[in-house]
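This report refers to the structure that appears directly beneath it.
The values are calculated or read from the model by the stated rules, or taken from the named source; none is laboratory data. No experiment lies behind these values; they were computed from the predicted model shown. As a convention, Cβ positions derive from the backbone with ideal geometry for all residues, glycine included, and neighbour counts pool all protein chains shown. The accessibility values were calculated without ligands, DNA or RNA, using every heavy atom of the protein model including side chains. Shrake-Rupley method; radii C 1.70, N 1.55, O 1.52, S 1.80 Å.
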Amino acid sequence: ATWLLVHAKKRDVTQAPKDIYVDWSNIGRSSSRQRLIAGALIDMVLDCLDETDECIDVAVGVALSGIPLANLVADELGCEFTTYHPNKQRWEPESKEIKGTISQNFAKVDGKNCILIDDVVTTGTTLSEAVEALEGMDAKPVAIAVLVDKKGIDDIKGVPLNALLRVTRVDKIE
């Protein structure tokens, strides 16, 4: 396949999709599969944190799809759990003045080390907003874990991004 891409004539190049949809419903519909994925996310985060000696006090699930995974991560790690609701999940998402919120119904994050859990990174905006919200509450985001990274980045606002899968184009020349 790589040979075809490298040797293809310019006029044979088709337009690449602007975005892709990641359907992980085969995982989402099964609590046992979710627990296995949570274990893989934990493994990546712990590897990442081995280099920094940071501990994890709170697992933060990014609404909506990151919440069940973060709950399982928190259970497995024996840490606290809370949720982050981004601006795009609110009634007036076009308002730039309204920021996302950390739920008041779960663990408090102030003064604690937090990991963020989400399903997919597309632009990084939601997780960037979440990092800012946590830092604004005097929490310390120490790692981010996602199922899929469609942007291909290593960190968000200096917080290491750990992805089970990274989407890249085969014809991308660096």
Any chance the range 30-37 includes a residue that's farther than 18 Å from Ile156 by Cα, of a type in the set (A, V, I, L, M), assigned to a helix (DSSP H, G or I) and open to solvent by 30 Å² or more (accessible area, probe 1.4 Å)? yes
Identify, from the list Leu5, Leu69, the residue that is at pLDDT 95 or above, over 20 Å from Glu132 (Cβ atoms) and of a type in the set (A, V, I, L, M). Leu69
Scan Ala74, Ala130, Ala163, Ala145 and give me the residue that is modelled with pLDDT of 95 or more, of a type in the set (Gly, Ala, Ser) and open to solvent by 10 Å² or more (accessible area, probe 1.4 Å). Ala163
